[in-house]
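Colleague: Shown below is the structure under consideration.
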Amino acid sequence: MNAQEGPSGKRPKIGLALSGGGAKGLAYIGLLRVIDSLGIKIDYISGTSAGGIFGGLYAMGYSADSLKKIAMNINWHRVLSNTVPLNKINIEEKDEYNNYFIEFPIVNGKPTLPSALIEGQYMSEVLNMLTYPARKINDFDKLPIPVVITSSDIVNGGLVLQRKGYLPMAIRATLAIPAVFSPVYIDGKLLVDGGLDRNFPVQEVKDMGADFIIGGYTGFRLFTEKEIANPMKLIYQTHAFKSVEDSKKQMAMTNLLVDFTKALVDFTTADFFEYKKIIAIGEKEARKYLPELIKIAEDQRKYPAEHIQLVKSPEDPIKHIRYQNDRGEDIKNPIIEHFAESYLKLDTGKVYNVNAISDGITNLFGTRFFDKVYYTFEDKGQGETLNIRLKEGKAGTFKAALHYDTEQSAGILVNYTYRNIFLRKSRLLATVDLAERVKVRADYYKFINNDNNLWLKGTFTYLNLQSNDILYRYANDNNYLDNTLKVDLSLGYRLNRSSAFLLTLSRETEAVKRGKNVLEQFLDVSMNRTVYKQTNEAITFAFNQNNQNEAYFSKRGNLLNVQMKYFFDNKLTTKLPESNDEAGQAIYNYLNPTPDQIPGNVLRFFLNETFIQPINRRISVRTNVFWGFNLTGKNKKETSETYVYLNNRFQVGGTDDRQNPAQPGFIGLRKGELAGVNISAFNLSVQYNFIDKLYLAPQVSIVSNNANANPFQGISSDQLAWGYGVKIGYLSIIGPINFSLGKTSNIFERDPLRAYLSIGHKF
């Protein structure tokens, strides 16, 4: 049938069928741009997978130009990962978030593979925002352009045609590539990508009433003998025969087929980051059919003009709020309901825009008590109902990461995290760094108020680190190990998602031990190696704020730590090394006070602020300011020479993104290499994201060892130490990789050029 022919003299109905194809489906935006430029009115749409996304949004009234802007502004890294921005995670969870290479649910006490690699929290958020104006349209025939979206029933088998329901859920289901994106429950069926049964839904748009069908195909093709030498392509090929054969039959039903397979042969289904090229290719290929498309446009002009507009968002109040599990079944646990309510902060009888609802969803997901949090709308004649869907994860999660750096050692980070164990609204975690120098941390926290923003937390920490303190090396050439054992009990109060107050009681023991040299190891020499040991109690009041968008290579936000810590009941229990141990006695004299130097109780204060300002999408400026001082009970006029205990001192140095807030970074120095009683420091770097996940950041650092608490009193250029250099970073699949080259001034006699390499997530 020609486009100009229609039944009973009416305008012929134009159908658009769009196949699946992953990232290749971005070519449909180019096809739609050509269709829009000619003023062609589409009457029916069918879509699978990528065709379901762009077909569904186009059916809502989005123009092709709008779809192009959407594709260019979506964070495809987020869509194709299981992460959300760090600033959407609650502050009590930020330290642990995205800090491991692998995470597996624990079933029957053992780690197991998840049902899918990606839950799609960010994807659901994007789809809900884009389709929010159409939330009350539960019959897809009532959209500006009727649309049908295909999915497959992964349990019972068979094609499922989604003509009714909640549009973003239908789109999310057709995107659920098995084992990659988690499946979606709709009307009791577990649905996945419709490409399993019908990757090119031409028959479906024909059944809707299309007289003339335009087909866009970016789907399967069979690989050549040479290509299937790749084992992954061989596995893919074994499952593709049925789909390819069905697609050939569907192609025969189109009146105008725009086949993108040859033009996109150099792209994969995962090449979303090549959106500009793929959209351009889509438009170029579509223009090859301009004569046919122009003919359709001219034939349509013989009839009254019809214009498609984006659905207008209704402004109706929410009448009911229901809490459901991932299957869409009502949750009957009042504790879970109240927990969700305390974070959502949504009331019935009010009108909310999409940002208000999304913010509530983000707050709830940011607790990490749920694997996924999303919502649907429905109206069955009793007013608008908001359904909050909560997918509870397994009680336990096993996490692991690899790490290496040139200052400490290589290791394997192993973590077990359990939620709601012993008590509801709680989290237990245990982390061990299996390295040359083992490190251990265990903590348990529990929310204790109805608003779930007040918690009690107990923490046990054991650290065993090689000390980088420069003065140790001046004393002798031995290696020194810094052992810390700490037990904390803290009360935390969250002001908002990104900030909290903390009040902490702690008991701490710190010891410095001299390592064995090669000869001592060979002879198995036994001697007292502890050259410093001190125990104290402390009470700490702190304010923490973190709204950075990423834990590593952040491009915006700030990180603020303000802490006042009172050390009391300080006890030194170091034994004097043997008289023949000259090296041990030298470092003992440096670390331990004489009787008249013992400081008594110590009050330590510091402020550490990092502010990151984006200049554009690739360049951001990172500024860090640190100020810290100690006040002792014995010496009323502190100077830089005043003795304070080892854990009172500020240790300067290092270039890692995640460092102890009491240790200001400094390029050209090892982590904690320069220690001081009263310190002020400044760091400035410009981060340039020049290739995908690759970053370059020149940096300058300044530090002053102050005479007292006043950072400006008596300061001179002789007191300032400088550092300058460059950092190169890469966000790899196993974690961040950092390499830095730095040089210092006014610290060492020769100020050597220093290199540092760090790979993976650290303890």
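The values are calculated or read from the model by the stated rules, or taken from the named source; none is laboratory data. In this text the structure is predicted, and so the values were computed from the model without any measurement. All Cβ positions, even for glycine, are placed from backbone atoms using ideal geometry, and neighbour counts span all protein chains on display.
Colleague: Cβ contacts < 6 Å: first residue surrounded by 13 or more Cβ atoms within 10 Å (Cβ to Cβ) and in a loop (DSSP other than H, G, I, E, B), restricted to segment 590-602; second residue of a type in the set (A, V, I, L, M) and modelled with pLDDT of 80 or more, any location; separation 6+ or different chain. Result?
Modeller: 599/644
Colleague: Still on this structure, please answer the following. Considering only segment 687-735, state which residues are closer than 25 Å to residue 750 by Cβ, in contact with a Pro (Cβ under 9 Å, 6 or more places away or on another chain) and not aromatic (Phe, Trp, Tyr).
Modeller: 701, 703, 704, 725, 726, 727
Colleague: Just to verify a result, which residue in segment 733-756, among those that are exposed (fewer than 13 other Cβ atoms within 10 Å of the Cβ) and touching a strand residue (DSSP E or B) at 6+ places or on another chain (Cβ under 9 Å), is farthest from residue 550 (Cα to Cα)?
Modeller: 752
Colleague: Let me ask something additional. Are any of the residues in segment 419-436 assigned to a strand (DSSP E or B), assigned by TED's automatic domain parsing to the domain that holds residue 484 and acidic (Asp, Glu)?
Modeller: Step one: filter segment 419-436 for residues assigned to a strand (DSSP E or B), giving 419, 426-435.
Remaining after also requiring assigned by TED's automatic domain parsing to the domain that holds residue 484: 419, 426-435.
Remaining after also requiring acidic (Asp, Glu): 433.
There is at least one residue in segment 419-436 that is assigned to a strand (DSSP E or B), assigned by TED's automatic domain parsing to the domain that holds residue 484 and acidic (Asp, Glu).
Colleague: How many residues does segment 83-135 contain that are touching a Ser or Thr at 6+ places or on another chain (Cβ under 7 Å) and aromatic (Phe, Trp, Tyr)?
Modeller: Number of matching residues: 2.
Colleague: Name the single residue, out of those in segment 650-681 being in a loop (DSSP other than H, G, I, E, B) and within 16 Å of residue 711 (Cα to Cα), that is modelled with the highest pLDDT. Can you show your working first?
Modeller: Going residue by residue through segment 650-681, those that are in a loop (DSSP other than H, G, I, E, B) are 653, 655-665, 667-673, 677-678.
Restricting the remaining residues to those that are within 16 Å of residue 711 (Cα to Cα) gives 664, 677-678.
Values: 664: 95, 677: 91, 678: 92.
Step by step, filter segment 650-681, then rank; the result is 664.
Colleague: Hey, another quick one. Which of the residues spanning segment 131-151 are in contact with a Phe, Trp or Tyr (Cβ under 8 Å, 6 or more places away or on another chain) and either crowded, with 23+ Cβ neighbours inside 10 Å or within 28 Å of residue 77 (Cα to Cα) (or both)?
Modeller: Of everything in segment 131-151, those that are in contact with a Phe, Trp or Tyr (Cβ under 8 Å, 6 or more places away or on another chain) and either crowded, with 23+ Cβ neighbours inside 10 Å or within 28 Å of residue 77 (Cα to Cα) (or both) turn out to be 135, 147, 148, 149.
Colleague: Let me ask something else. Look through 205, 184 and report the one residue that is in contact with a helix residue (DSSP H, G or I) (Cβ under 7 Å, 6 or more places away or on another chain) and modelled with pLDDT of 90 or more. Working first, answer last.
Modeller: Numbers: 205 fails: in contact with a helix residue (DSSP H, G or I) (Cβ under 7 Å, 6 or more places away or on another chain).
So the residue among 205, 184 that is in contact with a helix residue (DSSP H, G or I) (Cβ under 7 Å, 6 or more places away or on another chain) and modelled with pLDDT of 90 or more is 184.
Colleague: Before we move on, is residue 397 loosely packed, with under 14 Cβ neighbours inside 10 Å, over 27 Å from residue 165 (Cβ atoms), in contact (Cβ under 8 Å) with a residue 12 or more places away in the chain and touching a strand residue (DSSP E or B) at 6+ places or on another chain (Cβ under 8 Å)?
Modeller: When the stated conditions are applied, residue 397 does not pass them.
Colleague: Name the helices (runs of 4 or more DSSP H) wholly inside segment 263-355 in which the number of residues that are more than 30 Å from residue 424 (Cβ to Cβ) and not aliphatic (A, V, I, L, M) is 1 or more.
Modeller: 275-287, 290-300
Colleague: Another question, if that's okay. Would you mention how many residues in segment 78-110 are in a strand (DSSP E or B) and modelled with pLDDT under 90?
Modeller: Residues in segment 78-110 being in a strand (DSSP E or B) and modelled with pLDDT under 90: 2 in total.
Colleague: Restricting the search to segment 568-584, which residues are surrounded by 17 or more Cβ atoms within 10 Å (Cβ to Cβ) and not acidic (Asp, Glu)?
Modeller: Passing the criteria: 570, 577, 584.
Colleague: From the list 631, 684, pick out the single residue that is more than 24 Å from residue 746 (Cα to Cα) and part of a strand (DSSP E or B).
Modeller: Result of the check over 631, 684: 631.
Colleague: Which condition number in (1) crowded, with 22+ Cβ neighbours inside 10 Å; (2) over 21 Å from residue 16 (Cα atoms) is the one that residue 168 fails?
Modeller: All conditions pass for residue 168, except number (2).
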